[in-house]
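Here is the structure we will look at.
Computed from the coordinates by the stated procedures, all read-outs in this text should not be read as laboratory data. These numbers were taken from a predicted model, which means no experiment stands behind them. With ideal geometry, Cβ positions are generated from the backbone for all residues, glycine too; neighbour counts draw on all protein chains shown.
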Amino acid sequence: MPKPVTDLIHHPYQPPAGFAAPQPGVHKASTVIFPNVAAIRSRDWRQKKGYTYGLHGTPTTFVLEERIAALEGGRHCILVPSGLAAIAHVNLALLSAGDEILLPDNVYGPSKALAEGELKNWGITHQLYDPMDPADLERRIGPKTKLVWIEAPGSVTMEFGPVAHFAHICRSRGVTVALDNTWGAGLAFNGFDFGQGDRSVPGSGADIVVHALTKYPSGGGDVLMGSIVTRDEALHQKMKLAHMRLGWGVAGNDAELLLRSLPSLDVRYRAHDRAARQLARWLQARAEIVQVLHPALEGSPGHAHWKAMCGADGLAAGLFSVVFDERHAPERVEAFCDALKLFKLGYSWGGPVSLAVPYDIPSMRSAALGTWKHKGVLVRFSVGLEDVEDLQADLAQALGALHGPG
């Protein structure tokens, strides 16, 4: 008989099979136990036909990958520790020294910083293209261009570009297209089939869809995770091999939280959307605001493209930005932000708590492209799940700080 200390580790009891519950079980592992040497020799970590090591998947992460792939309309999914890690992973898996990537001028800031930093240091160049001008993208594609990133809408300034046209141009030139679909959350439109919305470019979509699961899929503001979804088997294997070599892993408990949140994703996304539109329309009528940037509102840059992609009654997330009249100095806009009570100051979005962040847009955009003309300060709002009337009252009281002592 083994001694108690050994029995605590090697006890023979196994629970009976047949347990079922609404949520999948949570499996955590670095080491995976094999029944024999033959199993060690035969299991292939590249396929979901068995388990080899924690980094290559557990029952919990396999289930999450399959659900995210289904959400995005893809076939294959791999998980990484954050949305930015997903962007970095695609770049590292596909690019080599001498290659070039093209980024929209309204790209997610850390993605641009990655291109300006590590990618440049490794001999990978980049260009910024006008996110509203297909002709500009087409002019910039050259023999070194291996990857084009698109966003819909753009980060912070919320322009909804002609992404179906962009994808069509890239496809005709044999260039891989990657979409950051965090805003759409797999619900507003299908990242692989833009043609379902924009009939002028049938069947045009992205080759790779990345998603910061940190945002709407998590929904709690407490999980960092990203996903990379593909349809093409060969492209997936490139992603998978790079995933193994880079050693990405996600925690079992984080995967559990995502799996618990996914069933309510659609309900939450629609609630965020409804509340954001109500507040955005209310702010449109305020004299302090010169523009509200929300793809579903007429007059917002790219509204027609959003309508073509998502439908006249389509979804549009819970995110929007406003531009204050330039007569309100930056310090007064900061006072407005500081005066907010329900809206907290913080990055990210998609959680239950409403957030606000002021941005210096001219410093974030290319002067050569001239995509930003406003002189007033921009503030981005992420609308949470609080009562919308309470949020409107919070905005109203904080706007009083704009007119306080200078």
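Where the Cα atoms of the range 134-187 are projected onto their three principal axes, how long is each span, largest first, in whole Å?
Its Cα atoms span 32, 19, 16 Å along the three principal axes.
Projecting each Cα onto the charge dipole of the range 265-403 (Lys/Arg +1, Asp/Glu -1 at the beta carbon, about the Cα centre), which of ALA396, PHE343, TYR269 comes out farthest on the positive side?
Looking along the dipole axis, the top candidate is TYR269.
Which of the lysines could a cross-linker bridge to LYS307, judged by Cα under 27 Å and excluding same-chain residues fewer than eight apart?
LYS215, LYS373
Picking from ILE87, PHE189, PRO295, whose Cα lies most toward the positive end of the charge dipole for the chain (charges on Cβ: Lys, Arg +1; Asp, Glu -1)?
It is ILE87, whose Cα lies furthest towards the positive end.
Sort the following peptides by mean Cβ neighbour count (other Cβ atoms within 10 Å, averaged over residues), highest first: 388-397, 317-326, 44-53. Don't jump to the answer; show the numbers that get you there.
Details: 388-397: 15.7, 317-326: 23.0, 44-53: 13.6.
Result, highest mean first: 317-326, 388-397, 44-53.
What net charge do the residues around ALA393 carry, taking every other residue with its C-beta under 12 Å from that of ALA393, with Lys and Arg at +1 and Asp and Glu at -1?
Details: positive: LYS341; negative: GLU386, ASP387, GLU389, ASP390, ASP394.
Local net charge: -4.
Report the charge-dipole magnitude of the chain in Debye, nearest 20, computed about the Cα centre from +1 at each Lys and Arg Cβ and -1 at each Asp and Glu Cβ.
Values: 39 positive and 41 negative charges, 234 e Å.
About 1120 debye.
Would you mind counting up the charge near LEU342? Only other residues with Cβ under 13 Å from its Cβ, with Lys and Arg at +1 and Asp and Glu at -1.
Working: positive: LYS341, LYS344; negative: GLU386, ASP387, GLU389, ASP390, ASP394.
Within the 13 Å Cβ shell, the charges total -3.
What whole-number distance in Å separates the alpha-carbon centres of the range 295-349 and the range 230-272?
The two parts, judged by their Cα centres, are 28 Å apart.
I'd like the Karplus ³J(HN,Hα) series for the range 234-250: coefficients 6.51, -1.76, 1.60, θ = phi - 60°, whole numbers in Hz, and an x wherever there's a Gly or Pro.
With coefficients 6.51, -1.76 and 1.60, one gets 5, 5, 4, 5, 4, 5, 5, 5, 5, 4, 5, 5, 7, x, 5, x, 10 Hz.
Per the Kirkwood formula on distinct C-alpha pairs, the Rh of the range 250-347 is how many angstrom? Mind dumping the intermediate values first?
On the way: mean 1/r = 0.0631 Å⁻¹.
Computed over the range 250-347, the radius equals 15.9 Å.
Go from 0 up to the bin containing the longest alpha carbon distance in the range 52-208, width 10 Å each, and give me the % of pairs per bin.
Using 10 Å bins, I get a P(r) of 10, 40, 36, 13, 1 for the range 52-208.
With no solvent and one point per C-alpha, what does the Debye sum give as log10 I(q)/I(0) for the range 265-403 at q = 0.09, 0.11, 0.12, 0.21 Å⁻¹?
Per q value, in the given order, log10 I(q)/I(0) is -0.26, -0.39, -0.47, -1.38.
Check cross-link reach from LYS48 to the aspartates and glutamates: straight Cα distance under 12 Å, and skip same-chain residues fewer than eight apart.
GLU65, GLU66
Which percent of Cα-Cα pairs in the chain sits in each 10 Å bin, short to long?
Over the chain, the share of Cα pairs per 10 Å bin runs 5, 21, 29, 24, 13, 6, 2, 1, 0 percent.
Around ASP133, under 12 Å between beta carbons, what's the net of Lys plus Arg minus Asp minus Glu among the other residues? Walk me through the numbers before you get to the answer.
Working: positive: ARG139, ARG140; negative: ASP105, ASP130, ASP136, GLU138, GLU159.
Around ASP133, the charge tally is -3.
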